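Asker: Submitted below is the structure of interest, expressed as structure tokens.
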Amino acid sequence: MTSGQLTALLPIIVLGAVPVVLILAIALHRGERVTLWLTLIGLALALAALVPAHAAAPTDVTLLLRIDGVALAFTALAVLAGAATVLLARAGSPPGGEPPEELYVLVSLAVLGASVLAASRHLASLFIGLELISVSLFPMIAYARARPEALEAGIKYLVLSSVTTGMLLFGMALLYAGIGSLALPAIGRALTQHAGADVWVLGGIALVLTGLGMKLSLVPLHWWTPDVYEGAPAAVTGFLASVAKAAVIVVLLRLMAASNVQDQAAVLLVLGALAVLSMLVGNLLALRQRRVVRILAYSSIAHMGYLLVAVLAALFGALSGSLPGHLAEGAPAAHIGVGALGVEAVAFYLAAYVVTTQGAFGALGLTGAGELSDLNGLSRRRPWLAAAFTLMLLSLAGIPLTAGFIGKVYLFTAGVDGALWVPVGVLVVASVIGLFYYLRVVFAMYTAPADEAAPAAVPPATHAGGTALAALTLVLIWLGVWPEPLIALIRSTVGGAL
């Protein structure tokens, strides 16, 4: 391995060292504050390592990883989200409850898995990244073991992930049987030469897409989502709903760009149907919910449908004459590529979605609310918390002057550019439906409680949780009011990387 490859790999190396240091520190001396600071320092060092890595990128590190603008940009997003998660987890740790030291180790492992997943150019590294995230999430979800619903959610996610792993491995085996390689560029070349000719290859793609669809909780593979989200701690739920799913979106886009699905009408039809069903079913089921966390859970299903529209726009944009992306290694220009506008839409919406989702679940965890009625009077008792939660919900709804609005505009523009008329139409209708249940939550916070003498108690936010939520709120407003710096950064780092 050359010095340039080691430099490009430096952020992943630092992220790999963080959990090792934390485990040693916990073994020598248990101290939640010390472990928290070590975690934040390690994540800060990983963030700093992105600077020399960017200078050495793009480069291939063995057959497994490609360190480019997409991988580095998502690594930065995952690291920042990981820091927000540990701060919110500290705020949500009840007095006398489980000490969160080991939770910090698990979060750092999950961030490592997300960065590996984003840099994958081989199905083996894709599997390693997915399993790093999944194995970390099992105990994270069930971490509050004193709560039966947390243990139930952890077991449900364990069973789901086991089924998903089996599907992915079987799909990879079929792809290897039909192609003779697990490298994404090789898969792309083989499909370019023999598009749709091999039933083993099509079966492998179907199983891999099914496994990834379960990770993304796309309809009809979404039934686990509300139960797992409700049982997990709020900070963990925010990480699961944002970073874990965003990493799968990145690898899905890489897989689609390298695998020549533009010539596979059946695959594109299935992806389009999944996007439409997820947008409609997610929003319609959210209308029926009374528990806030389940409203946000079904909302996350709809947002995965929105993101899938952007992924399709990236693929169709390449066919319709949009700005060309960087082509997969060794693939003919006529067959493989992605539209730059679609890639920009995916990148910006991922950033906005991660910030907004982590902020929404973080704010919900600080309120301690279960039912909608538990939020009554929050604006009087905790006006700043109510204001931050309101902004997060308005961003999820796509209201102007929030990051979510700019993201929705990007999705709509990319969809029109790719001539995705049906998904774009459904996106507009679904967004209108979503506005109703988001406003229900907002109205609940600004409604006086039925019993004025005994308002629902709101747990006090720790300094760490308040700091994390304030930072997420400021970023949300900044991206909605002045998105140009992030757009320029996306174009300079992500544009043309796929």
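The values are calculated or read from the model by the stated rules, or taken from the named source; none is laboratory data. On a predicted model such as this, the values are computed, not experimentally measured, just so you know. Reconstructed Cβ throughout: ideal geometry from the backbone, glycine too, with neighbour counts over all protein chains shown.
Asker: Within the range 479-488, count every residue that is out of contact with any Leu (no Cβ under 7 Å at 6 or more places or on another chain) and touching a residue at least 60 places away in the same chain (Cβ under 8 Å). Working first, answer last.
Answerer: Within the range 479-488, the subset out of contact with any Leu (no Cβ under 7 Å at 6 or more places or on another chain) is 482-485, 487-488.
Filter again for touching a residue at least 60 places away in the same chain (Cβ under 8 Å), leaving 483, 487.
Qualifying residue count, the range 479-488: 2.
Asker: Continuing with the same structure: Of the numbered conditions (1) surrounded by 22 or more Cβ atoms within 10 Å (Cβ to Cβ); (2) farther than 25 Å from L312 by Cβ, P383 fails exactly one; give the number of that condition.
Answerer: Here P383 meets the rest and fails (1).
Asker: Taking the range 356-386 as the region of interest, how many residues are among the aromatic types (F, W, Y) and in contact (Cβ under 8 Å) with a residue 40 or more places away in the chain? Show your work before the answer.
Answerer: Just the residues of the range 356-386 that are among the aromatic types (F, W, Y), to begin with: 361, 384.
Still in the running and in contact (Cβ under 8 Å) with a residue 40 or more places away in the chain: 361.
Matching residues across the range 356-386 total 1.
Asker: Okay, moving on. Please state which one of A360, A345 is within 19 Å of V428 (Cβ to Cβ), under 16 Å from the mean Cα position of the chain (by Cα) and in a helix (DSSP H, G or I). I'd like the intermediate steps shown before the answer.
Answerer: Numbers: A360 fails: within 19 Å of V428 (Cβ to Cβ).
On inspection, the qualifying residue turns out to be A345.
Asker: I'd like the full set of residues that are surrounded by fewer than 23 Cβ atoms within 10 Å (Cβ to Cβ) and more than 15 Å from S3 (Cα to Cα), limited to the range 52-68.
Answerer: L63, L64
Asker: Can you tell me which residue in the range 386-423 is modelled with the highest pLDDT, limited to those that are at positive phi and surrounded by fewer than 24 Cβ atoms within 10 Å (Cβ to Cβ)? Give the derivation first.
Answerer: Step one: filter the range 386-423 for residues at positive phi, giving 398, 401, 419.
From what's left, surrounded by fewer than 24 Cβ atoms within 10 Å (Cβ to Cβ): 401, 419.
Values: L401: 90, A419: 80.
Applying the filter and picking the extreme gives L401.
Asker: Next question. Return the residues of the range 196-224 that are surrounded by fewer than 23 Cβ atoms within 10 Å (Cβ to Cβ), of a type outside the set (A, V, I, L, M) and part of a helix (DSSP H, G or I); say none if nothing qualifies.
Answerer: W200, G203, T210
Asker: From the residues in the range 128-152 that are under 19 Å from the mean Cα position of the chain (by Cα) and among the small types (G, A, S), which one is farthest from R294 (Cα to Cα)?
Answerer: The selected residue is G129.
Asker: Filter the range 326-376 down to the residues that are closer than 23 Å to L268 by Cβ and of a type in the set (D, E, K, R), then identify the one that is modelled with the lowest pLDDT.
Answerer: So, considering only residues that are closer than 23 Å to L268 by Cβ and of a type in the set (D, E, K, R), the one modelled with the lowest pLDDT is E329.
Asker: Looking at A273, is it buried (at least 24 other Cβ atoms within 10 Å of the Cβ) and among the hydrophobic types (A, V, I, L, M, F, W, C)?
Answerer: On the way: buried (at least 24 other Cβ atoms within 10 Å of the Cβ): no; among the hydrophobic types (A, V, I, L, M, F, W, C): yes.
So A273 does not fit the description; no.
Asker: Could I ask something else about it? Specify the residue that is nearest to L88 (Cα to Cα); the eligible residues are those in the range 24-40 that are loosely packed, with under 14 Cβ neighbours inside 10 Å and of a type outside the set (D, E, K, R).
Answerer: Taking the candidates together, the pick is W37.
Asker: For the range 454-488, what are the residues that are closer than 18 Å to L385 by Cα and modelled with pLDDT under 75?
Answerer: Result: P455, A456, A457, V458, P459, P460, A461, T462.
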